[in-house]
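One structure is given here, and the rest of the page talks about it.
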Amino acid sequence: MESKFAKHINREEIVEIVCELVHQETVNPPGDEYRCKEIVTRALERLGMEIAYYEKEPGRTNIVGRIGNGAKSIGFVSHMDVVPPGELEQWETPPFTPTIKDGRIYGRGTLDDKGSFACAYAACKAFLAEHADFDGAIYLIAAADEEMGSELGIIYLVEECGVKFDVAIIPDGGRMDLSIYGEKGVLWVEVESRGVQAHGATPELGRNAIIPLAEALAEIKALDLGTNYDRPFDGWTMNVGTIQGGSSTNTVPAVARATIDFRLPAGIGRSDVLAKIEEKLEAARRRSPDAELSVKVMHETEPHVSDKNSVIVRSFDRAARRLGLPMQYETFGGNTVAKNLFFAGITSVVHYPGDDKLAHVPNEFVIIDELVTGSVLYAETLEAYFFG
């Protein structure tokens, strides 16, 4: 790859940072992002950055590095929390023991999003090596709570701590040849069924809460929100994520709950979904007349689409073309902190130095060569932004 920044990228340093961070168990909840504080701090100090720490709740540490004093500013935002590893028997290596094999680093968070932080760090280091006196400001942020909505992370930083920059690069979605410029909205709902507890030997004295919930989920499975939505989105999705009910096999359960994750394009809103769910609950009530079924919203975000002609998207695209990297631009169903920044007036480029299909799965990995390539791409983007 022909770039003056390539000679400043230290592959071994990137690998070391990723492995150190992955070794810290920061599953959210509870998060415990403080475990990454020392590692991130050392990296930011090597860049000569001013460092600040922000915690809305103890242990939920956000680390913000800043260098430069010019009026033009850009932020890299990665996050230190990770999703649970899931079923451990599906992992070929321990999820929190980073394992290097065949040019890859395996472990929970190697890509999402600790490897991406190391990539952004290396990009800043390479850019500063060529432009130590650039006129502007760069923020490098290791945020908390991204996996559970960012209330303790970037939302807190922007709305309560006054952390602001003009544009951002979010290394947290897409893949090496794909950048994300729009994200669907999220609607998480909980369906609850209430019954009457009794002994399992005399079920006729109780009312089982699980059976009506199962019937409701069977109805909801056939829910249809239609195709009347805005392009460039590709439709809506639904996933039943959790189901809970009962306390023991020999007890009639009094409460059962399920949570459902909807990803919604512009044109399909909260009221549309809740109305359709209520229709399905009514069908379940007809099958079980004594059922007590209800639904509530747990979490929601709005869909958004960024301007592909914005200065940061144009800078990123110029950098990709400069390196001969083919780049597509799409929307997707994931939510990143780019959404929170968009509604705060900050336009972002979302891009992974990898492939977002590897996030949240067993045996998550990142390809080391792609971390190196991503670092060069982001350094070129910084140059295009500040000097283009």
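The values are calculated or read from the model by the stated rules, or taken from the named source; none is laboratory data. These figures come from a predicted structure and were not determined experimentally. Here the Cβ positions follow ideal geometry from the backbone for every residue, glycine too, while neighbour counts run over all protein chains shown. Heavy atoms of the whole protein, side chains included, go into the accessibility calculation; ligands, DNA and RNA do not. Shrake-Rupley method; radii C 1.70, N 1.55, O 1.52, S 1.80 Å.
Find how much the distance from GLU204 to SER247 grows on full extension, using 0.36 nm per residue of separation minus their present alpha carbon separation; answer in nm with one decimal.
13.7 nm
In whole angstrom, and with the biggest value first, how far do the Cα coordinates of the chain range along each principal axis?
77, 43, 40
What is the spin-label model distance, in nm, from TRP188 to ARG257 if the labels are put 7 Å beyond Cα along the C-beta direction?
1.1 nm
Kindly report the accessible area of the chain per residue (heavy atoms of protein chains, probe 1.4 Å, no ligands, DNA or RNA), in Å².
For the chain, the solvent-accessible area averages 43 Å² per residue.
For region 287-366, state which chymotrypsin sites (Phe, Trp or Tyr not before Pro) are in a DSSP loop and have at most 16 other beta carbons lying within 10 Å of their beta carbon.
Sites meeting the loop and neighbour criteria: PHE343.
When we measure straight from the Cα of LYS101, which lysines land under 22 angstrom away, once same-chain ones fewer than 8 places off are left out?
Answer for LYS101, where 22 Å is the Cα cut-off: LYS114, LYS357, listed by chain and number.
To the nearest 500 deg cm²/dmol, what mean residue ellipticity at 222 nm is calculated for the chain from DSSP H runs of n ≥ 4 alone, each contributing -39,500 (n - 2.57), summed and divided by the residues?
So the calculated ellipticity at 222 nm is -9000 deg cm²/dmol.
ILE51: accessible area at probe 1.4 Å, nearest 10 Å²?
Result for ILE51: roughly 50 Å² accessible.
Name the lysines eligible as straight-distance cross-link partners of LYS164: C-alpha to C-alpha under 19 Å, and not fewer than 8 places from it in the same chain.
In chain and number order, the partners are LYS56, LYS72, LYS339.
Report the dimensions of region 1-61 along its three principal axes from the alpha-carbon atoms, largest first, rounded to Å.
44, 25, 16
May I ask you to list the lysines whose Cα is less than 25 Å away from that of LYS280, ignoring any residue fewer than eight positions away on the same chain?
LYS184, LYS221, LYS296
If you roll a 1.4 angstrom probe over the protein chains with everything in place, what fraction of the accessible area of the chain belongs to carbon and sulfur, to the nearest %?
About 48 percent, which is the carbon plus sulfur part of the accessible surface.
When the Kirkwood hydrodynamic radius is evaluated over all pairs of different C-alpha atoms of region 244-388, what value in angstrom, to one decimal, is obtained?
About 19.6 Å for region 244-388.
For HIS299, HIS23, HIS304, write out the residues from largest to smallest accessible area, computed with a 1.4 angstrom probe and no ligands counted.
HIS23, HIS299, HIS304
Return the loop-located GluC sites (Glu not before Pro) in region 157-239 (DSSP other than H, G, I, E, B) with at most 14 other Cβ atoms within 10 Å of their own Cβ; answer none if there are none.
Answer in residue order: GLU160.
Report, please, the projected area of region 140-296 averaged over directions, based on the convex hull of its C-alpha atoms, in nm².
13.0 nm²
Could you grab the Rg to Rh ratio for region 20-128? Cα atoms only, Kirkwood for Rh.
Using Cα coordinates only, the ratio equals 1.00.
Could you work out the per residue convex hull volume over the alpha carbons of region 195-243, in cubic angstrom?
91 Å³
Please state the relative contact order of region 237-363 as a whole percent: Cα pairs under 8 Å, 6+ residues apart?
17 percent
Using alpha-carbon pairs under 8 Å, 6+ residues apart, how would you state the relative contact order of region 22-181 in percent?
Over region 22-181, the number comes to 32 percent.
If you average the sequence gap of Cα pairs under 8 Å that are 6 or more apart and divide by the length of the chain, what percent do you get for the contact order?
Normalised by residue count, the contact order of the chain is 25 percent.
Rounded to the nearest 10 Å², what accessible area does LYS276 show when all protein chains are kept and the probe is 1.4 Å?
70 Å²
Beyond 18 Å, what share of the Cα-Cα pairs of region 146-236 remains, rounded to the nearest whole percent?
72 percent
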